[in-house]
Amino acid sequence: MIRQEKMIIYNLFPLLAGKFSEWEEHLARAADMGFNWIFVNPIQKTGGSGSLYSIADYFELNPLFVDKESDLAPDEQVRDMTARAGSGGLRVMIDLVINHCSVDSDLIGKHPGWFQWESRGRVAHPFADENGKQVVWKDLARFDHRNTADREGLYQYFLKVVKHLISLGFSGFRCDAAYQVPRSLWERLIRETRQVHPNVLFFAETLGNPPELTKKTATAGFDYIFNSSKWWDFRSHWLMKQYVLTREIAPSISFPESHDTVRLCDELGGNIAGMKQRYLFAALFSAGVMMPIGFEFGFRKKLHVVKTRPGDWEETDVDLSSFIEEVNKVKEAHIIFQEEAPTEMLHADNSAILLMWKTSTRSSRDALLILNKDIHNKQTFYTEDLHSLVGDGAPLIDISPEYRLDSVNSPFHYDLRPGQGILLINREGGK
């Protein structure tokens, strides 16, 4: 584990946000909600497919984001954007895509030895298994980091890419498909970057992998990994097994939805209680939380790495900004929610209630989340000795983002609203 920081991330999806000069309102809104990091998907020039993740030129910007009427050169427009973010208390990370590039990139002709090739003389495409089916991305060409005869040349190229992005004002990298790149490369890239830029952070994208592979990737020196809590059913054992296996290697980041998933509001049929429930759990479960642009307004249209445009901005009657701000304040204020704290799911007599207990390794805090799993109906929680669930009778206070109780007593009886969470913590100095 390299370091731990307050990691409250807003994913500003470039294709929805538009030109760099138009991002300021989104940055300001993110800051107002209490986010302290912005994550930006790739902004470089794409290949013919138009996919953000099909990069043709790592040093040229996607013309969709460049304001041709600006007095600033394209690179300066990015620097201006990251500087404006910084003035609002936001650090900015960007996707680092080094497993593959676009199939029509000039790199293939200039450096054919950098790539994997099929037996028929065609450049190899990356692929992944999705629900037992192999999905091949034919618009992508896969780099051969392991077997290229010019390993040093390929490495130096991507070290140059990292340095260039840092020069544009980015101070973090979400490393796309990190598990498909040799761990030795990540170790060297992270080490040599930090020798010059010690405050730059690296985040490993390892979703869909077995926990053992995630753990192996994380040991390359990544500051954070992303966990799979978004898909947890609040019952199965797999999430805690994953959490325990990796939490001492690198802290993790949860999310209620991402640019790769369907919109949660659409998935839940517009159930606002469910959206609040899922954001609250994501924010409290692990060290970090990430939320994509539009979640706060209940957007339903899935983000698309090719087709999304600013015109897809939705007009809704949903605004969860205040709730999200309150949740983020809780996360920002308490160290226990900024670390991979020892965590246990406790037994509740009512199976519709989730009891999540945490104890901090960096403070004297214990916390208990009492969460209604049911997003449609009220559920009753009762215990004769609430304090024993949190730690040796220590006085408890309610720090819930809404419907906060003035006092917390035992026995404890409460009818939770659909999806509602009650968050209790022992007073400073308690166990």
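The values are calculated or read from the model by the stated rules, or taken from the named source; none is laboratory data. As the structure is a computational prediction, the values presented were derived from the model and not from experiment. FYI the Cβ positions are ideal-geometry reconstructions off the backbone, even for glycines, and counts take in every protein chain you see.
Condition check: in contact with a strand residue (DSSP E or B) (Cβ under 8 Å, 6 or more places away or on another chain), surrounded by fewer than 19 Cβ atoms within 10 Å (Cβ to Cβ), in a strand (DSSP E or B) and not basic (Lys, Arg). Does residue 60 satisfy that?
Considered against the rule, which asks whether it is in contact with a strand residue (DSSP E or B) (Cβ under 8 Å, 6 or more places away or on another chain), surrounded by fewer than 19 Cβ atoms within 10 Å (Cβ to Cβ), in a strand (DSSP E or B) and not basic (Lys, Arg), residue 60 comes out as yes.
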Handout entry: Residues located in the stretch 158-181, provided they are aromatic (Phe, Trp, Tyr) and either surrounded by fewer than 17 Cβ atoms within 10 Å (Cβ to Cβ) or not assigned by TED's automatic domain parsing to the domain that holds residue 106 (or both)
Key = none
Completion exercise
Exception for residue 72 within (1) assigned to a helix (DSSP H, G or I); (2) farther than 30 Å from residue 125 by Cβ; (3) aliphatic (A, V, I, L, M) falls at (1)
Handout entry: Top-ranked residue in the stretch 310-321 [being surrounded by 12 or more Cβ atoms within 10 Å (Cβ to Cβ) and not acidic (Asp, Glu); ranked as farthest from residue 265 (Cα to Cα)]
Key = 310
Practice task
With respect to residue 52, determine if the residue is in contact with a Ser or Thr (Cβ under 7 Å, 6 or more places away or on another chain), in contact (Cβ under 8 Å) with a residue 24 or more places away in the chain, within 28 Å of residue 251 (Cβ to Cβ) and assigned by TED's automatic domain parsing to the domain that holds residue 327.
Solution key: yes
Exercise for the section: Enumerate the strands (runs of 3 or more DSSP E) found wholly within the stretch 335-431, keeping only those where 3 or more residues are over 30 Å from residue 37 (Cβ atoms) and of a type in the set (S, T, N, Q). Expected result: 379-383
Completion exercise
Scanning the stretch 1-24 for residues that are under 21 Å from residue 300 (Cα atoms) and surrounded by fewer than 19 Cβ atoms within 10 Å (Cβ to Cβ) gives 18
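Return yes when residue 311 is in a loop (DSSP other than H, G, I, E, B), of a type outside the set (Phe, Trp, Tyr) and either touching a Leu at 6+ places or on another chain (Cβ under 8 Å) or not assigned by TED's automatic domain parsing to the domain that holds residue 398 (or both) and no when it is not.
Numbers: in a loop (DSSP other than H, G, I, E, B): no; of a type outside the set (Phe, Trp, Tyr): yes; either touching a Leu at 6+ places or on another chain (Cβ under 8 Å) or not assigned by TED's automatic domain parsing to the domain that holds residue 398 (or both): yes.
Answer is no for this residue.
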Practice task
Starting from the stretch 160-181, keep only residues that are modelled with pLDDT of 95 or more, then list their pairs with residues that are surrounded by fewer than 19 Cβ atoms within 10 Å (Cβ to Cβ) and aromatic (Phe, Trp, Tyr) whose Cβ atoms are within a distance under 9 Å, requiring at least 6 positions of separation or different chains.
Solution key: 160/59; 161/59; 164/59
Practice task
Assess whether residue 348 counts as being in contact with a helix residue (DSSP H, G or I) (Cβ under 9 Å, 6 or more places away or on another chain), surrounded by 14 or more Cβ atoms within 10 Å (Cβ to Cβ), not acidic (Asp, Glu) and not assigned by TED's automatic domain parsing to the domain that holds residue 51.
Solution key: no
Practice task
Give the stretch 108-134 a look and list any residue that's among the aliphatic types (A, V, I, L, M), farther than 19 Å from residue 178 by Cβ and touching a residue at least 24 places away in the same chain (Cβ under 8 Å), or say none.
Solution key: 108
